[in-house]
Structures are given as C-alpha cells and as structure tokens.
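**Student:** Handing you a structure now.
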Amino acid sequence: MSGADSARPRFKRGDAVRVRAAEKPGHIRTPWYIQGKTGAVEKVHGAFRNPESLAYGGDGLPKPCLYLVRFAHADVWKPAGRASRDAILVDVYEHWLEPA
Amino acid sequence: MPRVHDRGGWPGAGPIDKAEHEPSMWEKRTDALLVLLTSPEKRVMRVDELRRAIESLEPRAYETMSYYERWITAIEALMIEKGILTHEEIDARVKELNERGR
C-alpha cells in the first residue's frame, strides 16, 4: 500500500499510466487482464475507502484516489483479429498505477 | 494466472448466458439479508468482505454454485468468522427447519 494522499491526486485527466502487475494475495479490484497494460486517465473519481482493507474488516483508510482509466481494446486483447477502435474503461485505485 | 472469479478474457469460456429468470424466494431473502447486514445502521459486514469470501471459495465450488448460492455460502462463512454464529447453531437451525417442513 502506498498510502496515497486522497486530497491530492497523483494523476490528472489525460495522463498516461501503467497498471502494476502484482501477484498480490487477497482481495483486489484490479482485474488481471489490465495488469501491466498502459492506458490514460479518463476521469479522476476522487477518494474512496480502500477495498483491500475493507474486505478484511479494516476501515479502508487512508482513502486512496480512484481513477477511471481508458485502455485501447487492441492493447488489452492482443489477438483481437481486426483493428478495433473500442476502448475498455476500468476503475483503478492509485496504488495500482505508475506513470507511463 | 488469474483466480477463478477474475474471468475477463478466459480463453474458451464461451458466450455469456444472458437468459433472464425470476429469482426464487430464497434468492430474494439472501439479497435482503445482505442489504440488512451491510446497512449503515447495522454494519455487521461490508460488501467487500462478501466479495473476499466468495473469492475464497474452492474453485470447484465456485464453478458449480449459482450466484446466490455463492452469496449465502459467503455470508455464512463471514458470520462464523466474526463469531456471530457457530457451525453448530446453523446446523441445529437447519435441522429444525427441515423437520418443520416435513
């Protein structure tokens, strides 16, 4: 846990971000298929209690910032067959993101 | 390798069954039970704990259970984990209800 400061989001809309690839035990909200992938911040949702703590009876504090991250379909699903302009939008907590 | 619940993009998973069905009474009750247990007034548990308990099911059980079977199994596990109910109390109550239903 990075203990992100909820009052000051590290990223802003449009920033390129890479999702950490982590064999993290326990409850996480970051699906495996975006781990290691690069996308762009679509929206800064704000600060929310951390589900990785809430899942074990914790208080979820400090509240990490949650982002809506946009990934190009072709970047996530490699054997897409044909070129796709579709996007995949996933909510990702700040401690799962690093600058790309 | 993703765990059993983390299924997006599993090869060969096949199409999603989008068929609608009317929830049965026990399924509605299971839903209501979770709403009650997670309500801000009660806060006996959090929905995040439900998710964690569902994800902790044995993969084989996860695959064979229906949606609300996973819920009720997870709720039971959490009530025991939190010391609110015991296995023995649950078993005794189930036995009592079964006998009444005969």
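**Student:** Just checking, does region A:71-78 include any residue being surrounded by 14 or more Cβ atoms within 10 Å (Cβ to Cβ), part of a strand (DSSP E or B) and touching a strand residue (DSSP E or B) at 6+ places or on another chain (Cβ under 9 Å)?
**Tutor:** yes
**Student:** Still on this structure, please answer the following. Residues being modelled with pLDDT under 95, aliphatic (A, V, I, L, M) and within 16 Å of the chain's Cα centre (by Cα): count how many of those fall in region A:53-87.
**Tutor:** The total comes to 3.
**Student:** Tell me, which residue of region A:19-34 that is under 11 Å from A:L97 (Cβ atoms) and buried (at least 16 other Cβ atoms within 10 Å of the Cβ) is farthest from the other protein chains (Cβ to nearest Cβ)?
**Tutor:** A:V19
**Student:** Let me ask you something else. Tell me which helices (runs of 4 or more DSSP H) are completely within chain B and hold 1 or more residues being surrounded by 14 or more Cβ atoms within 10 Å (Cβ to Cβ), or say none if there are none.
**Tutor:** Those helices (runs of 4 or more DSSP H) span B:25-38, B:47-55, B:59-64, B:67-81.
**Student:** Would you check if A:L97 is surrounded by 14 or more Cβ atoms within 10 Å (Cβ to Cβ) and without any contact (Cβ under 8 Å) to a residue 24 or more places away in the chain?
**Tutor:** Criteria not met by A:L97.
**Student:** Considering only residues of region A:35-52 that are over 12 Å from the mean Cα position of the chain (by Cα) and not in a strand (DSSP E or B), which is nearest to the other protein chains (Cβ to nearest Cβ)?
**Tutor:** A:P51
**Student:** Same structure, new question: Scan region B:13-25 and give yes if some residue there is within 28 Å of A:Y56 (Cα to Cα) and either at pLDDT 95 or above or within 14 Å of chain A (Cβ to nearest Cβ) (or both), otherwise no.
**Tutor:** no
**Student:** Provide a single number: the residues in region B:43-66 that are over 17 Å from B:I80 (Cα atoms) and among the basic types (K, R).
**Tutor:** 1
**Student:** Enumerate the pairs (first residue in region A:53-76 and within 30 Å of B:V44 (Cα to Cα) and within 12 Å of chain B (Cβ to nearest Cβ); second residue anywhere and surrounded by 15 or more Cβ atoms within 10 Å (Cβ to Cβ) and among the basic types (K, R)) with beta-carbon separation below 6 Å, excluding pairs fewer than 6 apart on the same chain, so at least 6 apart or on different chains.
**Tutor:** A:L54/B:R46; A:A55/B:R52; A:G60/A:R49
**Student:** Working only within region A:81-100, note down all residues that are within 11 Å of chain B (Cβ to nearest Cβ) and more than 19 Å from A:A22 (Cβ to Cβ).
**Tutor:** A:I88
**Student:** Still on this structure, please answer the following. What are the residues in region B:33-47 that are within 14 Å of chain A (Cβ to nearest Cβ), under 15 Å from the mean Cα position of the chain (by Cα) and free of Cβ contacts under 8 Å to residues at least 12 places away in the same chain, if any?
**Tutor:** B:R46
The values are calculated or read from the model by the stated rules, or taken from the named source; none is laboratory data. Since this is a predicted model, take the numbers as computed values, not measurements. Positions of Cβ are backbone-derived with ideal geometry, glycine not excepted, and every protein chain shown enters the neighbour counts.
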